[in-house]
1. Please go through the stretch 224-254 and give me each residue that is under 19 Å from residue 193 (Cα atoms) and among the aliphatic types (A, V, I, L, M), ordered by number.
2. Quick one: residue 76 ticks every box in (1) farther than 20 Å from residue 217 by Cα; (2) open to solvent by 30 Å² or more (accessible area, probe 1.4 Å) except a single one, so which number is it?
3. Taking strands (runs of 3 or more DSSP E) that fall entirely within the stretch 221-318, which contain at least 1 residues that are within 26 Å of residue 59 (Cα to Cα) and either in contact with a His (Cβ under 9 Å, 6 or more places away or on another chain) or open to solvent by less than 50 Å² (accessible area, probe 1.4 Å) (or both)?
4. Does residue 244 meet the test of being under 21 Å from residue 279 (Cβ atoms) and either modelled with pLDDT of 95 or more or in contact with a Lys or Arg (Cβ under 8 Å, 6 or more places away or on another chain) (or both)?
5. So, in the stretch 200-215, how many residues would count as being among the hydrophobic types (A, V, I, L, M, F, W, C) and open to solvent by 40 Å² or more (accessible area, probe 1.4 Å)?
6. Find the residue count for the stretch 169-207, including only residues that are within 16 Å of residue 278 (Cβ to Cβ), among the aromatic types (Phe, Trp, Tyr) and either touching a His at 6+ places or on another chain (Cβ under 9 Å) or not in a strand (DSSP E or B) (or both).
7. Which one of these is of a type in the set (S, T, N, Q) and open to solvent by less than 10 Å² (accessible area, probe 1.4 Å): 344, 382?
8. What helices (runs of 4 or more DSSP H), lying completely within the stretch 338-413, carry at least 2 residues that are modelled with pLDDT under 90?
Amino acid sequence: MSSAERQGAFIIVGGGIAGLASALALAPHASSVTVLERNSRFQEVGAGIQLSPNAFAALDELGVKEAVLTRSIRVQRLTVLDAQSGGTLVDFPLDDRFEAQFGHPYAVVHRGALHRTLLDACRRLATIRLITNANVNGLTEHDDSITANLADGRVFVGDVLIGADGLNSSVRAQVVGDGAPEPAGHVVYRAVISAEQFPADLPARSSILWAGPDMHVVHYPLADGKSFNLVATRVEPVNEMFANRGIQAAWVRSAFASVAPPLRRLLDAPAHWRAWSIADRAPVHTWHRGRAVLMGDAAHPMLQYAAQGACQAIEDAVIFARLVGAVGANDAVASLGPARAGRTARVQQTARWLGDAIYHPAGVPRRARDVMLKSLDHAKLTASLQWLYAWTPDNGLALANTHATHDGELIRP
Ligand SMILES: Cc1cc2nc3c(=O)[nH]c(=O)nc-3n(C[C@H](O)[C@H](O)[C@H](O)COP(=O)(O)OP(=O)(O)OC[C@H]3O[C@@H](n4cnc5c(N)ncnc54)[C@H](O)[C@@H]3O)c2cc1C
């Protein structure tokens with residue numbers, strides 16, 4: 001694309017996965033891309049992240065699939081176990097057949113490694129300016145431009161502004177104006193343990209989910225199997241948002257006491273845990289106002305139960321850049337929501353459904369869950385994942401309208 005065809009100056013608020021993926025995707029279309037990050041460094045908090053084939057299809061379009069894969073671990077199985085009995089509910093191989101079916105692999109990666117790969121790729125492009133200590137607290141619309149206003153008084157002017165500033169997005173406050181997210185009433189406890197601390201009787205190369213009444217635990221390997229990411233979630237009546245809070249190991253042990261022995265040994269291992277209260281929002285159709293558009297968690301924050309928040313953010317970035325290339329920057333701003341909101345709404349609702357119906361049920365609903373999961377053979381499981389994992393940038397645009405949902409309608413996998 002010649003510079004004459006380039007679509008102007010893009011301002012991106014937020015240098016997380018959505019913001020950096022978007023910068024990378026837009027660089028070929030833009031005269032300039034400016035990423036404004038409020039922190040003093042570009043960095044990711046937390047340990048691991050699971051990336052499904054749809055994310056790798058998007059990373060491929062960004063030219064960083066292989067770089068991410070070299071820093072990832074390809075897990076061998078996705079397994080769901082009953083947290084109390086230890087019995088197997090689902091065991092899904094992530095083998096060559098899986099990759100052939102969905103076109104790309106499933107892998108787990110350290111968040112920092114994914115973020116750094118995107119950051120390094122952005123740094124190699126002269127079109128992209130990466131600015132830290134840039135806390136955006138307002139936008140001003142003009143007839144032919146938009147201004148990001150920083151808390152310290154600086155302003156950045158562009159043709160289009162992308163709000164990629166996460167769950168508590170200040171851009172969303174101006175675009176949608178739906179207030180602060182409500183806590184889901186679920187608390188996530190995270191820890192990383194060494195390979196020596198990982199119980200020998202548990203599979204080390206799998207992504208495992210233990211489902212129990214009002215709780216579940218996920219774990220998978222990191223850093224070439226030298227460490228393991230543990231995420232233990234509990235339904236708790238919290239009504240405040242908090243993040244990265246230090247928690248005593250003894251408290252977590254007692255909170256998750258009534259679990260099967262191998263899981264108890266695993267949860268006994270960490271010396272330290274950190275806790276987050278989590279939130280999502282109901283899907284919205286409106287993703288833009290004037291020259292500003294939302295992306296990633298700012299547009300569609302979801303519970304982490306489908307392991308898709310970052311995957312969907314990377315998809316957003318790729319589709320927005322394709323729209324810019326196809327219809328120009330201004331029309332792309334208005335087109336992203338219609339192109340994406342049906343799919344991301346379905347993922348948001350699927351994540352809630354997974355929590356309620358699959359990961360946390362007790363009593364009779366738990367037995368119904370067991371019957372349903374055990375009836376899923378490999379073919380049925382593969383078919384049920386098709387809509388989510390077989391996404392590519394090409395079919396993502398073509399299918400944009402077939403996922404359309406209405407407010408309150410739940411489309412299950
Ligand atoms: C426990 C847990 C496990 C998860 N596991 C997975 C998984 O396995 N797979 C998956 O795909 N997803 C997973 N997710 C979801 C994933 O982490 C998020 O969806 C993803 O990180 C969202 O990226 P983002 O860039 O949209 O937002 P964020 O990561 O929140 O980034 C927003 C950025 O904007 C900056 N910012 C905020 N406000 C401003 C401002 N006013 N001015 C300037 N900068 C600002 C922030 O500092 C930050 O750098 C998980 C989430 C949780 C909580």
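The values are calculated or read from the model by the stated rules, or taken from the named source; none is laboratory data. Quick caveat: nothing in here was measured; it's all calculated off a predicted structure. Note: ideal-geometry Cβ built from the backbone for every residue, glycine included; neighbour counts use all protein chains shown. Quick note on the areas: whole protein, heavy atoms, side chains included, nothing else; ligands and nucleic acids left out. Shrake-Rupley method; radii C 1.70, N 1.55, O 1.52, S 1.80 Å.
1. Result: 230, 231, 232, 247, 249, 250, 252.
2. (1)
3. 227-235, 292-294
4. Considered against the rule, which asks whether it is under 21 Å from residue 279 (Cβ atoms) and either modelled with pLDDT of 95 or more or in contact with a Lys or Arg (Cβ under 8 Å, 6 or more places away or on another chain) (or both), residue 244 comes out as yes.
5. 2
6. Residues meeting the conditions: 0.
7. Being of a type in the set (S, T, N, Q) and open to solvent by less than 10 Å² (accessible area, probe 1.4 Å) holds for just one of 344, 382, which is 344.
8. Helices (runs of 4 or more DSSP H) meeting the threshold: 393-398.
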